[in-house]
Amino acid sequence: MFIQFLINGLITGSIYALVSLGFALVYNTTRIFHIAYAILYMIAPYFLMTFLIKLQISPILSILIAISLTIIVSLATELFVYAPLVKKKSSPNVLMISSIGVMIIAINLVALCYGNETKIINPSLSDSYKIGNIIITYNQIIQFITSSVFIGLFMVFLKFSKFGIMTRAMRDDTELCKVFSMNVPGFRLVLFAISGLFAAIGGILTAWDFGMDPYVGMPMLLNAIVALIIGGIGKFQAPVIGGLVLGVLQALSVLVFSANWKDAIAFSVLVLFLLFRPQGFIGEKRRLV
Amino acid sequence: MNNTILHINSVSKSFSHSIKKLNGDVSKEEYCVLDKIDLQVQKGKITAIIGSNGAGKTTLFNIVSGLLNTDKGELFYTPNGKKYNLRKISPYKLARIGIGRMFQDNHIFPKLTVMENMLIADTDPYGENAFTSFFYHRKKRKIEKERKLRAEQIFEMLFGKANPFCEKQEDYAETLSYGQQRLLGLARLFMGNYKLVLLDEPTAGVNPVLVKKIAEIIRKMVDKRQMTILLIEHNMPFVESLADLCVFINTGKIETAGSVVEVLDNPHVRENYLGKRTTKRNSTDAQA
Amino acid sequence: MLKLENIHGGYRANHSILNGVDLNIATNETMAIIGQNGTGKSTLAKAILGMLPFCSGTITFNGISINNKNTIDIINKGIAYFMQGGRLFPHLTVKENLVFAGSGQNKTDFNNSLSRLKQHFDLIENINKFELEASYLSGGEKHQLAMAMALINNPSFLILDEPSAGLSPQNTEKIYEVLEQIKKEQEVTILLIEQNVDKAVAFSNMVALLKNGVIEKVLDVSHAKVYEEIDEFYFE
Amino acid sequence: MNYVFHILIMINIYIILSVSTNLLVGMANLLSLGQAAFYGIGAYVTAYALIGLGLPLLPTLLLAMGVTAIFSFLLAYISLKLEGDYFILATLGFQIIIFTILYNWIDVTRGPYGIPGIPSPKLFGLVKIEGITGYIILSTILSAITIFVFYKIINSPFGRALKGMRDDEIAMISLGKNITVLKVEAFVLSSAFVAIAGFIYASYISYIDPTSFNLDEAIFILTAILIGGTGNIKGPVIGAVFVVLLPEILRFVGMPDNLAANMRMIIYGLTLIILMRYRPQGIAGEYKFSK
């Protein structure tokens, strides 16, 4: 029983990690508290449903189109909402409030078009494998492999490619990046595209299993933020560690309490971290003055 | 010794960061910002601290005003017989026992009016809690009126009868020019009951006319309010004309201290701060 | 090479730090700017690079007007900038810092520049340190790395903002030695911002005295009375 | 007529919410996402006091304010050490935790079933506040008191100190002000008055359930005052009127109800984005979130 929950936790955690990584990519480099990120996660499966079920396009193609459209939404948020505010040197709070505005609009647009109720993309029950007395579904395997592959690829690129150096340089010092003639506004678009990609994959993987409604984004975003903070803000490995820890913690808490208390537990952990270890597992302490 | 208002006894401060040596061994490198600073600030005198960028002058100010902790050493403040251990007093209480500070940047409140900037500077916080917002109307009004009168008197004393500050007292402080904001920051220090005032580069970035005005104001602080002034300054003529005592800090140590003329003419100070002119001049002459 | 005419500017709308700077820097000349804190030395550097929020006046570089241009476009004309305090990317390794700084070059050019810099900076030659995160370096090494990053693109124009600030005397000597050698090896115009008059005079041909956002005097270093003039400037 | 009165009562409730939240957001620059939790605590305490204890009006109101103040003191104690985004996250966490407790601790809160049949309170044990007329009088009096109190606060030396702290904390410390105490006072005061809104809501609707006090509601309160503007009294009042009236206007122009609910949220969202871009101080506020 314990091991079953542990494995379930790790699989959920891998999705948290992927989604959290997308958030961290934007937050660590641009310092935008990107609440509108929640809607990317929510909107991707709706795009998929439109092409797959309404327009009867092949699954692979539908997934590709859905992901591309989500990336376009992400880019539009940066181009039409954030970039002009950054140019005006608005304060971080103004950016965050605008982000809330984007989120409100998108959630209600989706609710207008598709309705408030839960939609199912894949009605059939997933096959499952039994190893000893542990059950793993086919979907869970797909989830774990897909998120691991994307996280792994990202980490490799981050460490060894020019893109990785640029990302980490921008996290350290954006002004200095400009001094070495890096096109910062252009590179931000790349970052927003990748973060949109991660949110879309996370959203589709989860919705394939459980379905979606217009409000699934916010709880996921909250988990992603908690994962980021308990991992440690500023490091790109942090959301991965934080996501897995959070996933396991929540799964085990289901064992002790009940599933309803998941969010409260996540945030109690967050508050404990904020109080006693604000730099998270692997982050660095910030110095005041 | 009775004349000393601030005792800084062998205060040290260092920041450390880890260094990786070959093969991954990590050690700590201590970067010493202040190294056993000893300074006795004389009551009623103007003491100037000079030294190049990064020598630790502002760090010393941050330590005296409680924004930074010390690693070692003691700080005592003795305004009138009473002895306060500054390491044990939280920063906000310093103003209440008479230590004032003006920062390098102006640090005025841009969204408060000129007059509000003065009123808020009263170190007596009467009326500044939520409870008194509802009650004690009469006393509050009286105190506010009294504060305002005091502020107007200060403006008049510093800037004469028809001054721009009284005229603009209902405008946001951000509408003042940079120089005027600096003057307002200085005028604000008259609102409290300060015995010791720390001024961090009062003349940085202002024009010569204002420099003269600032010197005048600092004089008034000493003459009319018996304040003791400790100031960081790069403007040498300003230091020469104003200060009584001078301290030269180099790489975290006090290297020379004494009267202004003594310190400024000290060849060692010249060499390490502005450049060694005498020896250098000889060499260029030789070349020519 | 660089011509500044009537530059006004600052970080906020109602506070201008530069009040009409006029300055001419000829090709292959080293111009030092000295002056007290807050007179606008670093602000002037930022104005040249288009990094100042409020700035007016004309700046021409090699005959082309560069005011109101993007920082990137200005940098790409062959200008390098050593920022105050030796700013670098603390979480990138020494190698990555250099790769990032030299990302405009192709591989062979980059390797050439790197081997050239190896002769000057023992830090880069030290293989053990090449893969270390920059935050693990000592203060002097960080300055070396920042300087190497400024030099890696073979700039024709170099802006150095207090290369010696916060360094021990030996490290200061080292940095200036390297700069002297670079000057000998290649054609480079330098704008040096320096507080230490000695260093400034020893290193440059021209010295500009900045006060209250205005250039008060430009002195030729070979002029016999340069120290008297500077003295007068500092002590009125 | 009842329809108009109902809207007026809702406007009064939101005026109380936004005027008291303004003290945090607009005066002390503490962007709190936990206001709906305090609103909820106020409402639940009211429900228990009226059903379980059968208290009259004033004791109920004071109890609701007191309990909420204690909660807010705890949150303030935890979160005020944190800065910027971290502070927002702490309030967000508090909001989620309180909601989860209200929703899941069924033995005490009846969870999603809510608490029905909350009786009307009695004033001094004599007059029963009843019917829509009773509530319009009660809510108007309470919102007038709230506006009066916060007007006084904003224009007192305390308000000036809060504004000073918003501008420059370091300077405040150097002038001898204890900014931690200032922040805690602002926090406790703001949430205690938010509880008044909870009190009116619980006793007027006579049924409460956790979904009225979730994160969406917290964002909605924030939206109200950001649209109206922060830093003074005018802004939050206008914001409250705007967010309550907009759906009615939409209904009036003939938008079908199933669309109107989403349309009004879209309009709020658009308004927020446009205001933040061109007028960050909102319709009638003073504070621009610039630091």
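The values are calculated or read from the model by the stated rules, or taken from the named source; none is laboratory data. Here the structure is a predicted model, which is why all the values come from computation and not from measurement. As a convention, Cβ positions derive from the backbone with ideal geometry for all residues, glycine included, and neighbour counts pool all protein chains shown. Ligands, DNA and RNA are excluded from the accessible area calculation, which covers all protein heavy atoms including side chains. Shrake-Rupley method; radii C 1.70, N 1.55, O 1.52, S 1.80 Å.
Things to note:
- Region D:139-181 and region D:49-96 have Cα centres spaced 19 Å apart.
- Expressed as a whole percent, the accessible area of region D:2-212 that falls on carbon and sulfur atoms is 71 (1.4 Å probe).
- For the options D:206, D:20, D:191, a Gaussian network treatment of chain D with springs between C-alpha atoms closer than 10 Å singles out D:206 as fluctuating the most.
- Global geometry of chain A, whether rounded, prolate or oblate, following the gyration tensor of its Cα atoms and the 1.5 cut on a/c: oblate
- In terms of accessible area, using a 1.4 Å probe and ignoring ligands and nucleic acids, A:258, D:203 rank largest first as A:258, D:203.
- Surface composition of region B:106-192: carbon and sulfur atoms hold 56% of the protein heavy-atom accessible area at a 1.4 Å probe.
- Buried solvent-accessible surface, both chains (A, D), 1.4 Å probe, Å² to nearest 100: 3700 Å²
- The base-10 log of I(q)/I(0) for region D:166-210, evaluated at q = 0.18, 0.22, 0.25 Å⁻¹, reads -0.63, -0.76, -0.87 [Debye formula, identical scatterers on Cα atoms, solvent excluded].
- List of region C:83-107 residues, accessible area with partners at least 50 Å² below that of the chain alone (1.4 Å probe): C:87, C:89, C:91, C:92, C:96, C:100
- Beta-bridge orientation, the protein assembly as shown: approximately 65 percent antiparallel, per DSSP, counting only bridges with both partners inside.
- Residue B:193 long-range amide H proximity, modeled H, under 5 Å: B:123
- Length-normalised contact order of region D:2-212 in % [C-alpha pairs under 8 Å, at least 6 apart]: 44 percent
- Across peptide A:256-265, the average count of Cβ atoms from other chains found within 10 Å of a residue's Cβ is 4.
- Buried surface for the C/A pair, taken as the accessible area of each chain alone minus that of the pair with a 1.4 Å probe, is close to 2000 Å² in total.
- Length-normalised contact order of chain C in % [C-alpha pairs under 8 Å, at least 6 apart]: 28 percent
- Converting phi to 3J(HN,Hα) with the Karplus coefficients 6.51, -1.76 and 1.60 and the offset θ = phi - 60°, region A:32-46 yields 8, 7, 7, 5, 5, 4, 4, 6, 5, 4, 7, 7, 4, x, 5 Hz in sequence order, with x at every glycine or proline.
- Inter-centroid distance (Cα atoms) of region C:27-69 relative to region A:61-105, Å: 36 Å
- When B:140, C:211, B:224 are compared by accessible area at a 1.4 angstrom probe, the order from most to least is B:224, C:211, B:140.
- Highest-MSF residue in chain D out of D:260, D:37, D:195 [GNM, Cα springs under 10 Å]: D:260
- When region A:2-276 is described by a simple charge dipole with +1 on each Lys and Arg Cβ and -1 on each Asp and Glu Cβ, the residue from A:27, A:207, A:166 located farthest towards its positive end is A:166.
- Accessible area in square angstrom per residue, region C:52-127, 1.4 angstrom probe: 46 Å²
- Across peptide D:93-105, the average count of Cβ atoms from other chains found within 10 Å of a residue's Cβ is 5.
- Between region C:205-235 and region A:142-183, the Cα center-to-center distance that results, in Å: 48 Å
- Dipole size of region A:2-276 about its Cα centre, with +1 on Lys/Arg Cβ and -1 on Asp/Glu Cβ: approximately 640 debye, rounded to the nearest 20.
- Segments A:197-206, A:210-219 sorted - mean Cβ within 10 Å per residue, highest first: A:197-206, A:210-219
- For chain A, built as a Gaussian network whose Cα springs stay under 10 Å, the top-fluctuating residue of A:264, A:24, A:224: A:264
- Averaged over peptide B:106-115, the number of partner chain Cβ atoms lying within 10 Å of each residue's Cβ comes to 5.
- Charge dipole (Cα centre; +1 on Lys/Arg Cβ, -1 on Asp/Glu Cβ; no other charges) of chain B amounts to roughly 880 debye.
- About its Cα centre, the protein assembly as shown has a charge dipole of approximately 1860 debye under the convention of +1 per Lys or Arg Cβ and -1 per Asp or Glu Cβ, with nothing else charged.
- For residue B:199, distant residues with modelled amide H under 5 Å away: B:102, B:230, B:231, B:232
- Whole-number D in µm²/s for region B:101-198 (Stokes-Einstein; Kirkwood sum over Cα pairs; 4 °C, 1.567 mPa s): 92 µm²/s
- All Cα pairs of region D:1-50, percent lying beyond 15 Å: 59 percent
- Rounded accessible area of residue B:116 (nearest 10 Å², 1.4 Å probe): 50 Å²
- Buried surface for the B/D pair, taken as the accessible area of each chain alone minus that of the pair with a 1.4 Å probe, is close to 2600 Å² in total.
- At least 18 Å along the helix axis (C-alpha) and Kyte average at least 0.0, DSSP helices within chain B: B:208-225
- Accessible area of region A:2-276 divided out per residue, in Å², using a probe of 1.4 angstrom: 39 Å²
- Of the two radii for chain B, the radius of gyration is 1.03 times the Kirkwood radius, both from the alpha carbons; that is the Rg over Rh value.
- Solvent-accessible area of residue D:179 with every protein chain in place, 1.4 Å probe, in Å² to the nearest 10: 20 Å²
- Per residue, region B:103-178 exposes an accessible area of 51 Å² to a 1.4 Å probe, with every protein chain left in place.
- Selected from D:179, D:145, D:9, residue furthest toward positive end of dipole (region D:2-212; charges at beta carbon): D:145
- In order along region C:111-119, the Karplus-derived 3J(HN,Hα) couplings, from 6.51 cos²θ - 1.76 cosθ + 1.60 at θ = phi - 60°, round to 5, 4, 4, 5, 5, 5, 5, 4, 5 Hz, and Gly and Pro are given as x.
- Annotation: residue B:31 carries an accessible surface of approximately 110 Å², with a 1.4 Å probe and no ligand, DNA or RNA atoms counted.
- Solvent-free Debye scattering, log10 I(q)/I(0), computed from the Cα coordinates of region A:27-133 at q = 0.18 Å⁻¹: -0.92
- The phi torsions of region A:7-16, fed into the Karplus equation with coefficients 6.51, -1.76 and 1.60 and a -60° offset, translate into couplings of 5, 4, x, 5, 5, 4, x, 5, 6, 3 Hz, rounded to whole numbers, with Gly and Pro shown as x.
- Where the Cα pairs of the protein assembly as shown fall when distances are cut into 20 Å bins, in %: 11, 36, 36, 15, 2, 0
- Projected onto its three principal axes, the C-alpha set of region D:197-291 covers 42, 33, 22 Å, listed from the longest axis down.
- Candidate aspartates and glutamates - alpha carbon under 18 Å from residue C:69, same-chain residues fewer than 8 apart omitted: A:175, C:5
- Top positive-direction residue, dipole computed over region B:106-192 with Cβ charges, set B:186, B:121, B:132: B:132
- Region D:75-195, relative contact order [Cα under 8 Å, separation at least 6], %: 22 percent
- Split the accessible area of chain C by element, probe 1.4 Å, and carbon with sulfur accounts for 47%.
- Along each principal axis, taking the top coordinate minus the bottom one, the Cα set of region A:153-289 gives 54, 41, 25 Å in descending order.
- Within chain D, helices built from complete DSSP H runs that reach 27 Å or longer along their own axis (Cα positions) and carry a mean Kyte-Doolittle hydropathy of -1.0 or higher are D:2-22, D:57-79, D:84-104, D:131-154, D:179-205, D:257-278.
- Each residue of region D:2-212 gets 117 Å³ once the volume of the Cα convex hull is shared out per residue.
- Heavy-atom accessible area ranking, 1.4 Å probe, most first, across B:269, D:241: D:241, B:269
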